[in-house]
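Worksheet: one structure, shown below.
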Amino acid sequence: MNRVVAVVFALLSIGVLYATTTFRATLIIDAYLGAAFFPRAIAALMLGFAVVLWFMEPRVQSETERIKDCESESERRSLRTDIVTPIYTTILLIAYSLSLPYLGFSLATSLAFITLLALLGSRVWWHYLFSIVFSVVLFYVFYDLFRVRLPRGVLF
Amino acid sequence: MKRLVSVLVGILLVTALLHAGGAAEDEVDYPRDDISLIVPFAAGGGTDAVGRALANAVENYLEVPVTVVNRTGGSGAVGMTEGATARPDGYTLTMITREIVSLPLMGLADITADDFELIRLVNMDPALVAVQPDSPYESIHDLLADARENPGDILFASTAAPNFYILTIENDQGVSFNHIAYDGAAEAIPSVIGGHTDFTIANPGEMIGQIEGGELRPLAVMAEERLDALPDIPTFMEEGLDLVSGTWRGIAVPQGTPAEVGDVLEEAFANAVADPSFVEFMENAQLGIHNLGADEFRTFISNDTEVIRSIVDEIDL
Amino acid sequence: MIGLLLEGFTVVFSISIFPLLVTAVAGGIIIGSLPGLTATMGVAVLLPFTFGMDSTAALVMLVGVYIGGIYGGSIAAILLRTPGTPAAAATVMDGHALVLKGEAGKALSVSAISSFIGGFISTVMLITLSPLLARFALRFSAPEYFGLALFGLTIIASVSARNLIKGFLGGLFGLLIATVGLDPVTSYPRFTFGTINLLQGFNIIPVLIGLFAISEAFVQMESLRQTHSNPVRDLSARCLISVREFIRVLPTAVKSGIMGTFIGSIPGAGADIAAFVTYNEARRSSKTPDEFGQGILEGIAAPEAGNNGVTGGALVPLLTLGVPGDAVAAVLLGALIIQGLAPGPLLFTRSAPLVYGLFASMLVANVVMLFLGIIGIRFYARVLQVPKRLIIGIIVFLSMVGAFAMNNSIFDIHVAIGFGVIGYLMRKVDIPLSPIVLAIILGPMAESNLRRAIQMYQGSWSFMYTRPITVAFLVLAVFSLVTAIRVKQRKQGD
């Protein structure tokens, strides 16, 4: 697992290093460090630590194992457990955010909340009722009380 | 997962339908609904204060609630782009600032003032040069003379990068300062008070408290006339420098807004700017009222565009 | 001065002001405790309401929300592992660990008491030492800010509980995130991928919401299907800390409150930085540093006293110099301007009754906060009894509102979702989240001030050893790194 992490961070830092070479000069000239210095320094350090992580893996693994004791069991189990719900939730949330400007906050949130509850396997009827009340109340609290212009949608 | 799929399909369908049907709007009587005023800077700043005071004043004339919406980011680019691309129905107004001229010239925004239907110029604040009270510079000429002798050595606390006030001076006088870029006047001013930089240029409203309290000493103002609040401080003109510069804020709606809507708004804002409560607020905050109608506003912007374009061309050689 | 203060108290306790203050503090606690709604935002959304008010009422209301909001952030941080505000991100570590041990009541009461101690000390220092603190703050120039930021970044080592390398990687990731947007000096748009939404960089609020709140919701979803129940459920939240425990954490709280005041008085350094710095200091000076992160009371007392300590400190530059000390103070500055008052050195002489009314209301607001905090504990703890599926939904959709509200932006909702996924993956591979947040907060401060300093010294790095405060911070930074690594080695040795 650690080696995967090391590779991901190494790739990220290489990408950043490459991107900094495409930085163009702007109207304002920074005669000393320039816009690319800081990202480059960070990326270089990141690459270094990623390499260390790659090679340290066996030792690190044993260290964590010793410290974690009982905690590690539940963590390890959760590594394998159902990653499906978070994935579906992510898709749901993206669809929700895209529909917000059209459906308006109350409707979109009610629908998304109900879908989420179904996704999580809730069988309690008042949970569903609550989600609608929650969405509507939240909208009015923010829109009228805090004057936050939540999307109202095209319908209302 | 069936349920999820069906709901998602449902959401998409409704979305598509509403998108198709939402275009037509009837403009017979305006305004009928709440109006949003986009302020492209954060709550608590100068632009925000003007926007809120103005929204408060104009509500009485438009007879609907006018809500300030802060859309910050990219030195105003985010909020102004959103304002320019909003539905042109008069329900989304934008507070435009000098950045609408400078950002596109620097290639940092895709919109220009031409993407807006201008309503009214509201406020203009001249640039004021200030130093620490025990600074050796007694006048703007002392500062310039020292800059000529030691080019690039005098530390200028810049409130934004690039800073067009200092560039105007540098280009005209052939001097150069060492620009230290700060994030706004709130950071630049303490650096001058603390003696870490030599001078700064900001608007009167941002420095009046420190000036009156003896923490800062103004040298000259880049305006045509002296400031009411600082009658002893000469203008650049009086000092023999033909330089006027400042920042400004106005109201605009997206290009394509019906002319009748524009007329309603122009009149309402004309009244709001003259409203005693607004005038009092602006005086208290040391913000200058500069009240121009749509046509004059357009000329004003094209003049300012020329000024900034010449600076940009100069440094872009 | 005492006379003016007493006059201030009579105003605060008047029939028209006191209920407003209590409501404001309560409202602030609620706003702060909701993920995404920060004290800054609470004060900002209330700003328009102060138009029609008289100046004392306006300031009392805003200050009440400020003090309540900074405290409120810790409630959600402790109970739900989702910090309500960036300032509460440091409280998550030990606060939530205590809840898992079944000591929610203890965690909440330490948080309320420490917040009170920090806020009260800070206000007293504001009243008595303002000019001194202002002079201290004015000595900070770019090199000093850089030193402070660098020292702050070394705290990554001490909050990376299990694996130093992964902590550093997380921190570097955060630093990278912080470089997105217009370069502070040259205005070059870095890593913005051509979208104007990223010109100002990632907004800290949606990032924080994603990393903590949404990723926490994801983690909670997983365990829904697991057979073993959540250990938190069956434990009473009623037991508060004992007198002995109170005496134990008192020195930490007092020290952190004083440190928080100093940090707050430096313009540009706010409650979030104070919380991490005081946490680090408490851990460094502790006899049992390896217990930090496992649910030690000092691990809550320090950041809570530290972040509330900022409330008074942040007003020092505002009242003495007319420049805001942090984002909330910037909004308060706007409020003063709207009221027609020019903040600055003359405010004390010109509007003394107002200033002392403000001081009095801050003292009272801290007492009100303590009171509401303690009697509220059993209500807050009810959150743990809400059915898990419902609480997941509530967290998720409050997060959506919170991400949207700061900037009225759908884009920020996408940022929150994106960082939710990133945070979830990070937790899967055991990369701690606190270093990421710390780096996002401190990264821009470190970079812009390093570049300013080099610009001031025209290319020379000599400021690193010629300026005493800078040197002190650099020494502290090395010290903090060494201590953290030592602790780690000792742990390994056991």
| query | So, by mean Cβ neighbours within 10 angstrom, what's the order for A:97-105, C:357-365, B:115-123 with the highest one leading? | reply | C:357-365, B:115-123, A:97-105
| message | Let me check something: with ligands and nucleic acids excluded, how do C:Phe397, C:Phe246 order by accessible area (1.4 Å probe), largest to smallest? | response | C:Phe246, C:Phe397
| field | Surface accessible to a 1.4 Å probe, B:Glu63 within the full protein complex, Å² | value | 150 Å²
| query | What number, in nm² with one decimal, is the all-direction average of the projected area of the convex hull of the alpha-carbon atoms of the range C:374-468? | reply | 11.6 nm²
| query | Could you work out the helix-only [θ] at 222 nm for the protein assembly as shown, with each DSSP H run of four or more residues adding -39,500 (n - 2.57) and the total divided by the number of residues, to the nearest 500 deg cm²/dmol? | reply | -20500 deg cm²/dmol
| message | Can you compute log10 of I(q)/I(0) for the range B:189-317 with the Debye formula, treating each Cα as one identical point scatterer, at q = 0.17, 0.23 Å⁻¹? | response | -1.13, -1.39
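List the DSSP H helices in chain C whose Cα atoms stretch 18 Å or more along the helix axis and whose mean Kyte-Doolittle hydropathy is at least 0.0.
Flagged H segments are C:18-33, C:55-80, C:104-138, C:142-159, C:164-178, C:243-265, C:352-381, C:388-405, C:410-428, C:434-456, C:468-493.
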| note | Computed ³J(HN,Hα) along the range C:201-214: with the Karplus parameters 6.51/-1.76/1.60, θ = phi - 60°, integer Hz and x for glycine or proline, the list is x, 6, 6, 4, 5, x, 5, 5, 4, x, 4, 9, 5, 6
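Compute and list, largest first, the equivalent-ellipsoid semi-axes of the range C:2-493 from the alpha carbon gyration tensor, each √(5λ) rounded to a whole angstrom.
Numbers: eigenvalues 194, 160, 106 Å².
Square roots of five times the eigenvalues give 31, 28, 23 Å.
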| What's the center-to-center distance, using Cα atoms, between the range C:322-359 and the range C:185-217 in Å? | 32 Å
| field | Bridge type composition, the protein assembly as shown - antiparallel percent by DSSP, nearest 5 | value | 60 percent
| Dipole magnitude of the range B:39-108 about its Cα centre, charges +1 at Lys/Arg Cβ and -1 at Asp/Glu Cβ only, in debye to the nearest 20? | 160 debye
| said: Let me spell out the model: positive unit charges on the Cβ of Lys and Arg, negative unit charges on the Cβ of Asp and Glu, origin at the Cα centre of the range C:2-493. What dipole size does that give, in debye rounded to 20? | reply: 1080 debye
| query | What fraction of the Cα pairs in the range C:96-150, stated in percent, has a spacing above 19 angstrom? | reply | 58 percent
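So in the range B:128-221, what percent of DSSP beta bridges are antiparallel if you round to the nearest 5? Mind dumping the intermediate values first?
Working: 8 of 14 bridges.
Beta bridges within the range B:128-221, antiparallel portion: roughly 55 percent.
Can you give me the span-like helices of chain B, meaning DSSP H runs with 27 Å or more of Cα extent along the axis and Kyte-Doolittle mean at or above 1.6? Please report the intermediate quantities before stating the final value.
Numbers: long enough: B:2-21 (29 Å, 1.69); B:294-315 (32 Å, -0.12).
Result, helices passing both filters: B:2-21.
For the range B:243-317, go through all pairs of different Cα atoms, get the mean of 1/r, take its inverse, and jot down that Kirkwood value in Å. Let's see the in-between values first.
Details: mean 1/r = 0.0679 Å⁻¹.
For the range B:243-317, inverting the mean 1/r across all distinct Cα pairs yields 14.7 Å.
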| request: For B:His141, C:His96, give the ranking by accessible area with the largest first, probe 1.4 Å. | output: B:His141, C:His96
| task | Report, please, the projected area of chain B averaged over directions, based on the convex hull of its C-alpha atoms, in nm². | result | 20.2 nm²
| remark: Checked against the positive end of the charge dipole of chain B (+1 on Cβ of Lys and Arg, -1 on Cβ of Asp and Glu, about the Cα centre), the farthest of B:Gly240, B:Ile193, B:Thr112 is B:Thr112
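Considering every residue in C:257-268, what mean count of other chain Cβ atoms within 10 Å of its Cβ is obtained? Walk me through the numbers on the way to the answer.
Details: counts 0, 0, 0, 0, 0, 0, 0, 0, 0, 1, 6, 5.
Average per residue, whole number: 1.
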| task | Count the lysine pairs in chain C whose Cα atoms lie under 20 Å apart, taking only pairs 8 or more positions apart in sequence or on different chains. | result | 7
| request: For the range B:60-215, just run the numbers: alpha carbon Rg, then divide by 2.2 N^0.38 Å, N being how many residues it has. | output: 1.25
| note | Treating every alpha carbon of the range B:128-221 as one equal point scatterer without solvent, the Debye formula yields log10 I(q)/I(0) values at q = 0.11 Å⁻¹ of -0.26
| What residue among B:Gly288, C:Tyr380, C:Pro345 has its Cα farthest toward the positive end of the dipole of the protein assembly as shown, where the charges are +1 on Lys, Arg and -1 on Asp, Glu, each on the Cβ? | C:Tyr380
| note | Along principal axes, largest first, the alpha-carbon spread of the protein assembly as shown in whole Å comes out as 81, 69, 64
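Please get the size of the charge dipole for the range B:210-308, origin at its Cα centre, with Cβ charges of +1 on Lys and Arg and -1 on Asp and Glu, quoted in debye to the nearest 20. Could the numbers behind the result be given before it?
Details: 4 positive and 20 negative charges, 59 e Å.
Result for the range B:210-308 is approximately 280 debye, rounded to the nearest 20.
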| Inter-chain Cβ neighbour average for residues A:128-134, partner chain, 10 Å | 2
| request: Using packing as a proxy for protection, rank B:98-111, B:147-160, C:112-125 so that the peptide with the highest average count of other Cβ atoms within 10 Å comes first. | output: C:112-125, B:98-111, B:147-160
| message | If you average the alpha carbon positions of the range C:1-50 and of the range B:223-252, how far apart do those two centres end up, in angstrom? | response | 39 Å
| Cα principal axis extents for the range A:96-156, largest first, Å | 35, 23, 16
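The values are calculated or read from the model by the stated rules, or taken from the named source; none is laboratory data. Computed from a predicted structure; not experimentally measured. Note that we place each Cβ from the backbone using ideal geometry, even for glycine, and neighbour counts take in every protein chain shown. To get the accessible areas, we keep the full protein, side chains included, count just its heavy atoms, and leave off ligands, DNA and RNA. Shrake-Rupley method; radii C 1.70, N 1.55, O 1.52, S 1.80 Å.
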